[in-house]
Amino acid sequence: MRTRRIGDAQVSEIGLGGMPMSIEGRPDEQRSIATIHAALEAGVTLIDTADSYHRDAGEVGHNELLIARALASFGGDTSGVLVATKGGHLRPGDGSWTQDGSPDHLKKACEASLKRLGVEAIGLYQFHRPDPKVPYADSIGAIRDLLDAGKIRYAGISNTNPDQIREANEILGGRLVSVQNQFSPAFRSSEPELELCAEMGIAFLPWAPLGRSSHAGELGSRFAPFAEVAQAHGVSPQQVCLAWMLAKAPVVIPIPGSSRPETILDSVKAADLRLSDDELARLDSVQ
Ligand SMILES: NC(=O)c1ccc[n+]([C@@H]2O[C@H](COP(=O)([O-])OP(=O)(O)OC[C@H]3O[C@@H](n4cnc5c(N)ncnc54)[C@H](OP(=O)(O)O)[C@@H]3O)[C@@H](O)[C@H]2O)c1
């Protein structure tokens, strides 16, 4: 598969989002492992996870452990796979998502993720979401300390605005390599962050690119131009959506979630789908 850059690492243009394999509605482990193996076989070398991708209390890191097991049991070479995890969110087990962006929590969370992933340094560590109770500079300062200590290879941030992107990059001494924000046909308000990342040469990882598990299957019926362009190319509307994002800027690397081999195998084909300027303009005009 074609690659794009995160820091000085080259990763597949389409990554795999691990969340649907660990939260509410998740499949059994066998199907999840088959999904991750299918992605690896197809050439995916970016897997996105988080310590908070779990369902119940007491199973923090469910998704990180799953990914570590899938990588260990994969027959092929996994040395080029970048696992991107996150810290700063918590799930108490009642379905909610809470936050702790304190430096103390982030440093402990990173240590726990290192153990679960079974690595000496985490590939990409992302601060999951600004915590209103903690100054942003303090949270990012903890990420800088983790970089300096060699606990993480690359640093990223998530759920941010342009000012925070600039601030984080400054605190990290120019070492911010990625921004992960929600971006999809239904959720376009992260365009300023995408454009800033393109200007700064920082990878932009759209999360929920297909509208989350609840809406991903309806993408074509909700947004007719995606279905029409898909029909013209004989591909799925989801592939068209990912190809449209890839065409926005060379820094864009979508991370569609998947819990079945079929869906990730369909999504990766977006890397080979070329859309015309007219088609891209039509897709851009969708409100
Ligand atoms: N930073 C953050 O705050 C944040 C928040 C949310 C998510 N994320 C990350 O972003 C990733 C993506 O977001 P998401 O998983 O919530 O939503 P998403 O990628 O928009 O949608 C995921 C769903 O899309 C379906 N799907 C995938 N490819 C498809 C295809 N080609 N055709 C039809 N259906 C397809 C999958 O179905 P099946 O389950 O049936 O395979 C999956 O359940 C997550 O997995 C996670 O890693 C980050």
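Values quoted throughout were computed directly from the atomic coordinates according to the rules given, and no laboratory measurement underlies them. Keep in mind that what you see is a predicted model, and the values were worked out from it rather than measured. Here the Cβ is made from the backbone with ideal geometry for all residues, glycine too, and neighbour counts use every protein chain on show.
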- How big is the range 132-287 on each of its three principal axes, counting only the C-alpha atoms and giving the largest first in Å? 50, 31, 29
- Tilt of helix 237-246 relative to the longest C-alpha principal axis of the chain, in degrees (0 to 90, nearest 10)? 60 degrees
- Task: Return the distance in nm (one decimal) between the two label points of a simple spin-label model at ARG222 and ASP148, each offset 7 Å from Cα along Cα→Cβ.
- Result: 4.3 nm
- Task: Rounded to whole Hz and in sequence order, give me ³J(HN,Hα) for the range 142-150 from the Karplus expression 6.51 cos²θ - 1.76 cosθ + 1.60, θ = phi - 60°, writing x for Gly and Pro.
- Result: 5, 5, 4, 4, 5, 4, 4, 7, x
- Query: Angle, helix 162-171 long axis vs. longest principal axis of the chain, Cα atoms, 0 to 90°, nearest 10?
  - Reply: 40 degrees
- Query: ASP104 to ARG188: FRET efficiency via 1/(1 + (r/R0)^6), r the Cβ-Cβ distance, R0 45 Å, to the nearest 0.05?
  - Reply: 0.80
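Rounded to the nearest 0.05, what FRET efficiency do ARG2 and PHE74 have when you use their Cβ-Cβ distance and R0 = 30 Å?
Efficiency computed from Cβ-Cβ geometry: 0.90.
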- Query: Taking only pairs that are 8 or more places apart or on different chains, how many Lys pairs in the chain have Cα atoms under 28 angstrom apart?
  - Reply: 16
- Toy charge model, Lys and Arg Cβ at +1, Asp and Glu Cβ at -1: the chain dipole around Cα centroid in debye, rounded to 20, equals 300 debye
- Query: Where does the Debye-calculated log10 I(q)/I(0) of the chain sit at q = 0.06, 0.07, 0.12, 0.15 Å⁻¹, using only Cα point scatterers of equal weight, no solvent?
  - Reply: -0.17, -0.23, -0.71, -1.14
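Please sort 245-256, 94-105 by packing, taking for each peptide the average over its residues of neighbouring beta carbons within 10 angstrom, highest first.
On the way: 245-256: 21.5, 94-105: 13.8.
With the highest mean Cβ count within 10 Å placed first, the list reads 245-256, 94-105.
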- Once normalised by the length of the range 3-91, the mean sequence separation of its alpha carbon contacts under 8 Å that are 6 or more apart gives a contact order in percent of 32 percent
- Query: In the chain, with Lys and Arg counted as +1 and Asp and Glu as -1 at Cβ, which of these residues, SER259, GLY211, VAL177, has the Cα nearest the positive end of the dipole, that is, farthest along it?
  - Reply: SER259
- Item | HN-Hα J in Hz across the range 178-188 - Karplus 6.51, -1.76, 1.60, θ = phi - 60°, x for Gly and Pro | 8, 10, 10, 10, 5, 7, 6, x, 7, 9, 9
- Message: For a test of the definition: using alpha carbon positions, the gyration tensor, and the 1.5 limit on a/c, classify the range 203-287 as rounded, prolate or oblate.
- Response: rounded
